[in-house]
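Visitor: For reference, the structure I am asking about is given below.
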Amino acid sequence: MKERYDAAQISRVLDQALVYQCACPAQVCRAIFELRELYDYQRHCASDTVNDRRVHELIAGATERAHEAMEDCLAQVLEIEGWDPQTLTLPDQLKRKSTKGI
């Protein structure tokens, strides 16, 4: 499966989003990780029958398409919110916004 972001990059976004209570990017990151787990499971699931293989291939294909859509979504969310695309750093204005209530 093609990955735009590696696990370390997604973890970086997720960690910052959780620290600063910026839930939306964190939810997208968790969904990406879950889709990767589902895809890996389907690709590695031992099956002997043609039907089982077809079922796993169908689920893996749908998961792959959903994963691509969620990575595209994450890229757009980060752009809209002003995250640094190179370092994947949460912008200062979001840090200040989420800590105002503290």
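The values are calculated or read from the model by the stated rules, or taken from the named source; none is laboratory data. Just so we're clear, the structure is a prediction, and the values are computed from it rather than from any experiment. Using ideal geometry, Cβ is built from the backbone for each residue, glycine included, and neighbour counts are taken over all protein chains shown. Side chains included, ligands, DNA and RNA excluded: accessible areas come from the protein's heavy atoms. Shrake-Rupley method; radii C 1.70, N 1.55, O 1.52, S 1.80 Å.
Visitor: Would you calculate the separation in nanometres between label points at K95 and A66, each defined as 7 Å from the Cα along the Cα-to-beta-carbon direction?
Guide: 3.5 nm
Visitor: Roughly how big is the chain's charge dipole about its Cα centre, with Cβ charges of +1 (Lys, Arg) and -1 (Asp, Glu), in debye to the nearest 20?
Guide: 360 debye
Visitor: Once phi is turned into ³J(HN,Hα) by the Karplus curve 6.51 cos²θ - 1.76 cosθ + 1.60 with θ = phi - 60°, what whole-Hz value does each residue of region 28-45 show in order, with x for glycine and proline?
Guide: These are the phi-based 3J(HN,Hα) values: 5, 4, 4, 5, 4, 4, 5, 5, 5, 5, 4, 4, 4, 4, 5, 6, 9, 5 Hz.
Visitor: Given a 1.4 Å probe, how much area per residue of the chain is accessible, in Å²?
Guide: Roughly 67 Å² per residue, with all protein chains present.
Visitor: Which loop-located trypsin sites (Lys or Arg not before Pro) does region 1-94 contain, where loop means any DSSP state but H, G, I, E or B and the Cβ has at most 16 other Cβ atoms within 10 Å?
Guide: For trypsin sites (Lys or Arg not before Pro) across region 1-94 that sit outside H, G, I, E and B with at most 16 neighbouring Cβ atoms in 10 Å, the list reads K2, R4.
Visitor: Across bins of 10 angstrom width beginning at 0, how are the C-alpha pair distances of the chain distributed, in whole percent?
Guide: All Cα pairs, binned at 10 Å, distribute as 15, 41, 24, 14, 6, 1 percent.
Visitor: For the chain, take the longest principal axis of its alpha carbons; what is the angle in degrees between that and the long axis of helix 7-19, to the nearest 10 within 0 to 90?
Guide: On a 0 to 90 degree scale, this one is about 40.
Visitor: Using a 1.4 angstrom probe on heavy atoms only, work out the carbon and sulfur share of the accessible area of the chain in %.
Guide: 52 percent
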